[in-house]
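Worksheet for the structure shown next.
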Amino acid sequence: MEFSQDDFDRLLLFEHARKTAEANYASNPLDADNLTKWGGALLELSQFQSVSDSKNMIKEAVVKLEEALAINPAKHDALWCLGNAHTSHAFLTPDGDEAKIYFDKAHECFQNALDEDPSNELYRKSLEVNAKAPEFHSEIHKHGIGQQSAGPSGGGATAASNPKNNQSSNKKKSSDLKYDIFGWIILAVGIVAWVGMTKSNIPPPPSR
């Protein structure tokens, strides 16, 4: 997987956010805002890992977000981020029944976030998108091999239908499928809004 300059900038931004949150946690482990930022940064950084490492980083993000919610159960941004974490885990889980468990958890989180902040359109949209996610999950895993040649917008059957391409397609399937999945999550859930929040709440990364 090749990173664009924007990807690289995001990687630096969220690695800086993670390190900042980790340092702040050492001095104040009961700061729910800091734990939420830590969990959100881990969730973003998981996009740049292999599938197995992504799952592990998502699990770590869930731990931080649940820790924040243990301190403040009504913290709606933590609930929303936790919903994103469960959604991400679901898309990285090929088995539909197992993935549904995570989608259901995400639905509960998005609903609780919206209950706490009823005027938040991002939470409302996340809840709407979550209802369609299992169907998309089925399609993207069904046609996953072809995703690497055509991207998430469709037309991906070419690589899968050509036997000569099967070996290279299968080799790239895991990383490219993960990239397509996360790309859809970013587009659908609007994580850019969280990026804006993060930029306004952490100091700028050190100059290179």
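Just so it is clear, none of the values below were taken in a lab; they were calculated from the coordinates. Remember, predicted model here, so these are calculated numbers, not experimental data. Glycine also receives a Cβ, built like all others from the backbone with ideal geometry; neighbour counts cover every protein chain displayed.
With neighbours defined as other Cβ atoms within 10 Å of a residue's Cβ, the residues TRP80, TRP38 order from fewest to most as TRP38, TRP80.
Across the cross-link table entries LYS75/LYS132; LYS19/LYS100; LYS64/LYS142, which are compared at the Cα atoms, the separations over 28 Å belong to LYS19/LYS100; LYS64/LYS142. Summarised as an ellipsoid, the stretch 18-75 has semi-axes of 21, 12, 8 Å, derived from the eigenvalues of the Cα gyration tensor scaled by 5 and square-rooted, with the largest first.
As a proxy for reagent exposure, TYR25, TYR123, TYR102 were ordered by neighbouring Cβ count within 10 angstrom, fewest first; the result is TYR25, TYR102, TYR123.
Based on the convex hull around the alpha carbon atoms, the stretch 1-152 presents an average projected area of 9.4 nm². With viscosity 1.306 mPa s and temperature 10 °C, the Kirkwood radius over alpha carbon pairs of the stretch 1-46 converts through Stokes-Einstein to a diffusion coefficient of 144 µm²/s.
Using 0.36 nm per residue and subtracting the Cα-Cα separation, the extra length available between SER119 and GLU135 on full extension is 3.0 nm.
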